[in-house]
Every structure is written in C-alpha cells, then in structure tokens.
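Here's the structure, in structure tokens; my notes come after.
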Ligand code: SF4
C-alpha cells in the first residue's frame, strides 16, 4: 500500500540539510495517496462519496468500479461555504441535537467539552475521583476506556457512584474490537464510542488477499451491519448516544484497499456506519474524524461535512487532534486543527487530547470554545473565492522569493522589537532575544530556531544602526521605517495607502515591505504593488475578530492582482482581562492555523503582550511545525494514555524528548499499548509502544523491529534504532553549548 508522502520540508538554515522543495502549485489534499486521489475523482464525478474497489498492485486496479451509495434524504442546496454554512463569516453548521446524558450536543447549544480518564477503569474509586476532578474543571463529558467485560461491568459502579456523589457528568465507553463488550456497557453509560476501523474489521483481516471485489466489500459491509445493529438497537431503545469515531491511523485494511490512507477513506468509513444507524432509524449519533496531523484532520472533517451537506445529514461533529503530545506543543497542535474548524463553524463538542492528566485538558478546551463563541457572526462581506479551496483542493502560493531578504521558504518567523529595546541590549542579549548563537570567537550565527526577520518599532538611532548591520551580516532580515541611520540593505516599511498614493519607488538593496490592513480595495492594492514592487507584504488587520475571513479575502485579492510576493500574517494580541498566556496561545494558534492549513501565509509575526519574546519565538516555530510547514525539531506523537496504558507515559515521554528532541524532521511516536498504539502512530518514523507490563516494542514506520524490550533499557534501544536507521545526529557538545550564548529556550 502506497503511503501518503509526508508533507514536510526541512529548514534551510546555515549548515543544515538543503531545503526540501515545497509544492508551490495547487495539489489535491497533500497527504493523499494516488489511490485516494482516484477515489476522490470518482466521488466527485459521482456527485457523492463512491464505493471504490482497490487492489494491492497497480496492474490489477482495472477491476475498480465506482458505485454510488444510495441516499435516503432529499439533498438541500449546498451552502456558500460548500463544507460549512458561510465562506465569509463564522456561522455554525446547523445540526440536530444529540443528547449525551443531559448534555445537549449540536448547533443550538454551547460547544461541549470532553476528556478521557487515564485510570484503570476497573478501579472504580480512582476513575470516579478523576471524572469528578475533570467535571470540576469545566469538562462536560468524560470518556473511559472499556477493553473487556471486567471494565464493562465496572461502568455500572462508576455511574452509580457518580450519581451518589451528585455528578451527572455523562460517561462514554470507548470500544475497540469488542462489540459484545459494547453491548454490556451500553446499559450503564450515556454514550458508546465505536471505531469503524476495528469494530468488526481488524487491521490485518485483508492481509491475505491481493484484490478486492465488489462482493468482498458487500460482505464486509454486511458484517458491519450484523455487528453494529444490536448496539444500535440497544442505544435506540435506551435513548442513548453513539460516536462513530474514525481515526486516520486505524482505518481498516479493507478501507485502506479502497481509498488509501486518506481523508476519503475516513469519510467512507464513517458514512458506512452512519448508514447502518439510519437504517434502524437511529439518529442519536455524532461523528469524529481524528488524526495526529492537523492538516489531514481539518481536511477529513471538511470532507465529511461536505458529504453530509450533499446527503442532507445533520449529525453533530466531535473535534479532536489525536496524539497531540503535551505542553505548548500539544496545545498548539490541537488549537491549529480544532480552531481552524471551529472558525469555519464546524464542531459541536471538542477534546484537546494531551499527554497530561485529563483535568489539564479542560483549560485549552474552554479557551477554544471561547474562540468559537467570540468568532460567531464575525467576518467580512460575501466575496468570491476563485479557487477550488472550498471544494477541498489544497493550494500553496507560488512565490517570488527575494534574494536580499533572508526569508525561509518553509515559513518565516518575524519578531517585532522597539528601537529602544534593541538599543539597550549588548550583543549577547541581542542574540538571546532573537535565538541566535554567539560563539566564543564573537561570531553570530543562525540556529534552527532563530528569528528570520526583525521588525523595528521607532526611528533607528546611530547606535541601533550599527547593531542592525551585525544582524544583517548573520543574515537576519531587518524591516524598519526609512531614516538617516538605516543601514544599506535593510528593508523599508511602507503602508499600502502610502504606496498607492505615491510615485513609483526607486529600486534599492533590501527593497520594501508593504503593510496592508486587509480592507484596501483591489485597485488600491494593485496601484501600491505596482508603485512599490515590495519584497514581501504583511497583513496586519485592525479588527481583532474575523481575521481568518479578512485574510482569505486579502489572499484572493492578491491573487486577482496576480501578485506572487510572499505574504506574512501580522496579528496583535493586546492584554485582555480574564485571558492568560494559555488563552492567547490557543486563540492565536487557531487564527494563524486556520490560514496555514489552507496554504495561506508564508510566515508570521505573532505579537502578544501576554507572552515573553522567548515564548513568542518558540511558539511561532511550534505553530509552523503543527501546520506542517517548517520542521524545526523532533515531532513527538504521544497518546494521551488511558486505562490501557502499560507504562508511565508522561515520565517516559519526557525522557524520550530529552534524549531525542534535537532531531528536526524525525517523528517519534510514544504509545501506551499495542491495542491501538501501532494503528494510531500514523506517519511516525519510529514507534515506542507498550506491549506488556514492563515491556516495550519498537517500530520503524509500521513494522515492529524489536519486541519485549525491558522498559528500563527501551529508551536507549530507541536511540540505537534511530542511529541504525541513519536518522541520528549528535546534540551540540556540552562545551560548545557553554561557549554559545543565546541557546534556544525550551518551553
Ligand atoms: S494508544 Fe494510548 S490512549 Fe490509545 S488505547 Fe492505547 S494506551 Fe490508550
């Protein structure tokens, strides 16, 4: 099976590997395999999601046919957003209400927050205590893992004790592989989550065949119906809910045959289960389409929403990014994916999945709900987007990159600095502020996480002019206002209005950077772009809300102006009462991420009073990495842990991060169990998976290569494996680090 090409590009910093070329033209869903692309075309041609047949070899694909799945609902007109209600403003997608216990989920209600326990479900007291803690932190719904009959029966005690303690928090049973267990626990819980990838069809069940016939597909679908129907009928009878929870990393082998490892396969899998529910007139269900890759996840949810509009279905959506990790990384990754969808009006219940205790998921969840609530109704006047973005086609702008401004083609990080501040810093402090290395011999160098361009606030003084020269020699870009002390080669900042009103500017080294507020007319933009011929442009909207829509309109106008100038997003977040650092990180990640996942924006200037310069710089790099643009460090995909976890996930993740965190471009998955771990590792290069108490299996991609390693030796065994596969580089020597001032701060 051809796997999706990783949509990553390496940083092209000094002494680093050459940058991997990014696609610069329109490509359909970047992570799709050839098979899925064909499936997509077939589906589009059929006007609905098609049944696609597949085979293991290209030569035998001639047997593939497309058959339209019949629908039972009158199709309404697809809205202007195509996958959402409106393209120009945030408007929630209309859904029915699904009750999970007493919590209503749907577009007529506030977005419900969720988390999942990490205790052993069989330990009733511990699980109850954790659920209560989560509820007290603002979580509306809590999921628990139910892997067998022991846990299914424990659900009765958990529910009973919660009610005795005055907690009506609905509980959701998480089921994998075990339809019989689902039937038992359905008596005690408020909702059952099933994973279409493994409810009936194990990942390996199609290993022995080379081709897939229409009969094979029908047989598999009949097996799904047979296994799912008793649960559907029971939930219907008890007026309980179901989540059809598809995961990108655990699609069934049969779906992989048909659609490849793709969002189309995820949608097809969800629709098949939805059809069974509908056949029995059961409509109390919710869909989810999770992935550890926010770009794939956004694409999958949009495709499902698009398909539901076509089918006339109105089921709510549960949003989440799986295996997002912990700390700032996990929050940013989740906010990019979940936030982008919420700003489009998609999503009725959310989970921020972190490798931390579940109560810590409440804060970012509530912050994301706040982002969605504040964005509601905000946007711009309707405008025409003359691309196929809304239909699911991914575009990345083809830019003309300047040779005299050191932008990074994978995504640039800008930092704003007042002239007064730069004047007060010595060289070591300046390097520290911008993430540069100051070597013992006085040489200043770029690092993986050095700021690319500094934007100066205020008039340049003679003393600052000298410092700017030092920066430009690194090379770090400098953007400032015109003035007598500005060194040659610095980029001069001009506004769009000034550019449009003035004469044609003379050509100069470093050129000009033009600032737009997003409200300019196309004529004004065209005049300004012609007069100034800027090296880059910066979009700095004056409105704090609706930035996603202002930016989409701006990029459409740039396209109309036939401009290929790189465009940076410059967003300001002033201090606000009641908002702390976490809130700002979540809000900004949603704002920037909602554009980056659509290939809009070649970099960012994240300006927030609440965050320190170090945190802003680090978070900017994290955001570019979460958006699959610029990879500046090892990517960790760690499961949030649950009752199945076989080792201390938080401690082990921290150890692995410490040992392997210096390997940009390498993806390491840390998964608590072999039940779901290998399937959920998605596109990781190396996997560290709990296979028994005190035992670890190691993977290279999807293949297990070392089994049953005692956990005390497993981290070093993982390091050896990375070395054996040629992906290891030694971290900077201790003495080098001591000699370098301004090492990158790690959050
Ligand atoms: S991979 Fe992690 S979260 Fe998923 S079932 Fe296993 S232990 Fe639980």
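The values are calculated or read from the model by the stated rules, or taken from the named source; none is laboratory data. All of these numbers come straight from a predicted model, not from anything done at the bench. Positions of Cβ are generated from backbone atoms using ideal geometry, with glycine treated the same way; all protein chains shown enter the neighbour counts.
Some points to look at:
- Some residue of the range 735-744 being in contact with a helix residue (DSSP H, G or I) (Cβ under 8 Å, 6 or more places away or on another chain), surrounded by 15 or more Cβ atoms within 10 Å (Cβ to Cβ) and modelled with pLDDT of 50 or more: no
- The range 269-281 residues that are more than 14 Å from residue 226 (Cα to Cα), paired with ones that are surrounded by fewer than 18 Cβ atoms within 10 Å (Cβ to Cβ) and modelled with pLDDT of 95 or more (beta carbon under 8 Å, 6 or more apart): 281/236
- Among (1) free of Cβ contacts under 8 Å to residues at least 40 places away in the same chain; (2) within 37 Å of the chain's Cα centre (by Cα) - the single one residue 477 does not satisfy: (1)
- Residue 177 falls short on exactly one of the conditions (1) modelled with pLDDT of 95 or more; (2) within 16 Å of the ligand (Cβ to nearest atom), and that condition is (1).
- Checked against the criterion of being assigned to a loop (DSSP other than H, G, I, E, B) and either surrounded by fewer than 23 Cβ atoms within 10 Å (Cβ to Cβ) or assigned by TED's automatic domain parsing to the domain that holds residue 593 (or both), the candidates 519, 572 yield just one match: 519.
- Unmet criterion (only one of (1) surrounded by 18 or more Cβ atoms within 10 Å (Cβ to Cβ); (2) under 18 Å from residue 149 (Cβ atoms); (3) modelled with pLDDT under 90) for residue 257: (2)
- When the residues of the range 215-248 are filtered to those that are under 22 Å from residue 680 (Cβ atoms) and outside any helix (DSSP H, G or I), the one that is modelled with the lowest pLDDT is 247.
- Residue among 321, 296 that is in contact (Cβ under 8 Å) with a residue 12 or more places away in the chain, crowded, with 24+ Cβ neighbours inside 10 Å, within 16 Å of the ligand (Cβ to nearest atom) and under 19 Å from residue 678 (Cα atoms): 321
- Residue within the range 586-597 that is modelled with pLDDT under 95, closer than 19 Å to residue 363 by Cα and outside any strand (DSSP E or B) present: no
- The residue list 172, 192 contains one member that is farther than 16 Å from residue 644 by Cα, in a strand (DSSP E or B) and touching a residue at least 40 places away in the same chain (Cβ under 8 Å), which is 192.
- Remark: residue 369 matches the filter, which requires a residue to be under 19 Å from residue 319 (Cα atoms) and crowded, with 19+ Cβ neighbours inside 10 Å.
- Test: residue in the range 660-682 that is surrounded by fewer than 21 Cβ atoms within 10 Å (Cβ to Cβ) and under 25 Å from residue 581 (Cβ atoms): yes
- Set side by side, the residues 709, 674, 670, 722 differ, and just one is touching a helix residue (DSSP H, G or I) at 6+ places or on another chain (Cβ under 8 Å) and either at positive phi or within 15 Å of the ligand (Cβ to nearest atom) (or both), which is 670.
- Residue match in the range 398-407 (condition: at negative phi and not in a loop (DSSP other than H, G, I, E, B)): no
- Members of the range 135-153 found to be farther than 20 Å from residue 241 by Cβ and either more than 16 Å from the ligand (Cβ to nearest atom) or assigned to a helix (DSSP H, G or I) (or both), listed by number: 136, 137, 138, 149, 150, 153
- Unmet requirement for residue 697, which otherwise passes all of (1) within 16 Å of the ligand (Cβ to nearest atom); (2) closer than 23 Å to residue 246 by Cα: (2)
- Of residues in the range 677-694 being within 24 Å of the chain's Cα centre (by Cα) and closer than 16 Å to residue 656 by Cβ, the one farthest from the ligand (Cβ to nearest atom): 685
Listed here are the residues, each with its yes/no results for (1) touching a residue at least 60 places away in the same chain (Cβ under 8 Å); (2) surrounded by fewer than 24 Cβ atoms within 10 Å (Cβ to Cβ); (3) away from the ligand (no atom under 16 Å from the Cβ).
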{"site": "602", "(1), (2), (3)": "yes, no, yes"}
{"site": "607", "(1), (2), (3)": "yes, yes, yes"}
{"site": "635", "(1), (2), (3)": "no, no, yes"}
{"site": "648", "(1), (2), (3)": "no, yes, no"}
